[in-house]
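One structure is given below, encoded as structure tokens.
The values are calculated or read from the model by the stated rules, or taken from the named source; none is laboratory data. A quick note: this is a predicted structure, and the numbers were derived from the prediction, not measured. Using ideal geometry, Cβ is built from the backbone for each residue, glycine included, and neighbour counts are taken over all protein chains shown. Areas reflect the complete protein model, heavy atoms only, side chains present, ligands, DNA and RNA absent. Shrake-Rupley method; radii C 1.70, N 1.55, O 1.52, S 1.80 Å.
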Amino acid sequence: MLFQDINFQRDFVLNCIPKLQSFQDNDLVSPSYGSFCYNYWRDKVSDFSDARFQEAGSTMGMLMSDEFDNFRKNSRFLRKSILYKSFSSGISFLQKIQNKNGSFDEWYKGENGFAATVFNIIAYSLVGIFVKEKLNENDLNILNNVILKASNWLCSKNDLVKTNHQVAAATALILSFKLNKNQKFKINSEKKINLALKQQNLEGWFPEVGGMDIGYCSVLLDYGMIYHHFSNDDKILRPMIQLFDFMKYLIQPDLTVSKEMGLCLNPYLSRTGIMLLSQFNEEANNFFFKIQDNSPKFEGVSP
């Protein structure tokens, strides 16, 4: 079946939406209304709301796309009114917990987290780009203001210890540029990608806390190719092909990844980067369709 692996992942996500929605505080009078951080608002074992969980709100926003209309009849959780309420309260709470300097916290208060800021910019920029017409004026203003403030903070920050973060940061800023047309973000996006590419090992991988991790290689390939998709910056293609050439030998015959394949023990293989790279590289194209024809299904997404 054509794209059976991609279709499996789509269905897997859609089936998880009720659970994902249950993680969110839906009490209108609660001071944490809109938070997806269950440890904070429900269990109260944390004294702050981890901003990474707010990325779930962007998922609700993306699912409002007309592309999912055929699935709405099968689930009340996919009704646009329910998705919109979840998205709207999610972005409002994200604004509430944003630090004054524009960053977000993930592990502790006042952290000014690089990853928490980068991945929220990416998540909500994609909502702004793809489903902008679904948003009311107030929520669109909140989204734009949150991203603008976060992007301004990110411009002067780099993370070359975890190179996947650096490439994701370049992606975040190019998406922000696409959303608000601020040339500052485009310029700094290219600066960040240039710094990241200089870190590439002769074997093709990029360092994560001083070593190689196949899961983070996969993440970096994803964001490298998303960066290319929105920037048309072709200089990244050769490094991404070299990265894929390294990765392909560490993927097992059943299309899963062993935990031993990396410093951080991340046994996942994402598809987005390979799919986007397949337009420019025959081996990536063949490998992508091999996955589709021989989908590992749950084994391929459980990590």
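Taking region 104-201 as the region of interest, the helices (runs of 4 or more DSSP H) fully inside it that hold 3 or more residues being over 18 Å from Ser231 (Cα atoms) and open to solvent by 50 Å² or more (accessible area, probe 1.4 Å) are 137-154. In region 74-89, the residue that is modelled with the highest pLDDT out of those that are open to solvent by less than 20 Å² (accessible area, probe 1.4 Å) and either farther than 19 Å from Ile121 by Cα or not in a helix (DSSP H, G or I) (or both) is Leu83.
Looking only at residues of region 14-73 that are more than 21 Å from Thr117 (Cβ to Cβ), assigned to a helix (DSSP H, G or I) and of a type in the set (Asp, Glu), we find that the one that is farthest from the chain's Cα centre (by Cα) is Asp69. Let me confirm something: among Lys297, Lys235, Lys248, which residue is among the basic types (Lys, Arg), under 21 Å from Leu197 (Cβ atoms) and touching a Phe, Trp or Tyr at 6+ places or on another chain (Cβ under 9 Å)? Selected residue: Lys248, the only one of Lys297, Lys235, Lys248 that is among the basic types (Lys, Arg), under 21 Å from Leu197 (Cβ atoms) and touching a Phe, Trp or Tyr at 6+ places or on another chain (Cβ under 9 Å). Within the set Asn188, Asn201, the sole residue that is out of contact with any strand residue (DSSP E or B) (no Cβ under 8 Å at 6 or more places or on another chain), without any contact (Cβ under 8 Å) to a residue 12 or more places away in the chain and either on the phi < 0 side of the Ramachandran plot or not polar (S, T, N, Q) (or both) turns out to be Asn201. Considering region 251-261, and only residues there that are open to solvent by less than 40 Å² (accessible area, probe 1.4 Å) and of a type in the set (A, V, I, L, M, F, W, C), the residue that is farthest from Gly204 (Cα to Cα) turns out to be Leu255. Would you be able to say whether some residue in region 118-132 is closer than 17 Å to Phe36 by Cα and at pLDDT below 95? No. Scanning region 26-54 for residues that are open to solvent by 50 Å² or more (accessible area, probe 1.4 Å) and among the hydrophobic types (A, V, I, L, M, F, W, C), we see that the one that is nearest to Phe288 (Cα to Cα) is Phe53. Within region 264-278, the residues that satisfy the criterion of being over 17 Å from Pro296 (Cβ atoms) and among the hydrophobic types (A, V, I, L, M, F, W, C) are Cys264, Leu265, Leu276, Leu277. The C-beta contact set for region 7-25 (first residue open to solvent by 60 Å² or more (accessible area, probe 1.4 Å), second residue modelled with pLDDT under 95, distance under 8 angstrom, 6+ apart or interchain) comprises Phe12/Phe298; Phe12/Val301.
The test for being surrounded by 20 or more Cβ atoms within 10 Å (Cβ to Cβ) and either more than 17 Å from the chain's Cα centre (by Cα) or in contact (Cβ under 8 Å) with a residue 24 or more places away in the chain (or both) holds for Ser231. Pairs linking a residue in region 27-44 that is on the phi > 0 side of the Ramachandran plot to a residue that is modelled with pLDDT of 95 or more, with Cβ atoms under 7 Å and 6 or more positions apart or on different chains, are Gly34/Gln24; Gly34/Asp25; Gly34/Ser89; Gly34/Gly90; Gly34/Ser92; Gly34/Phe93.
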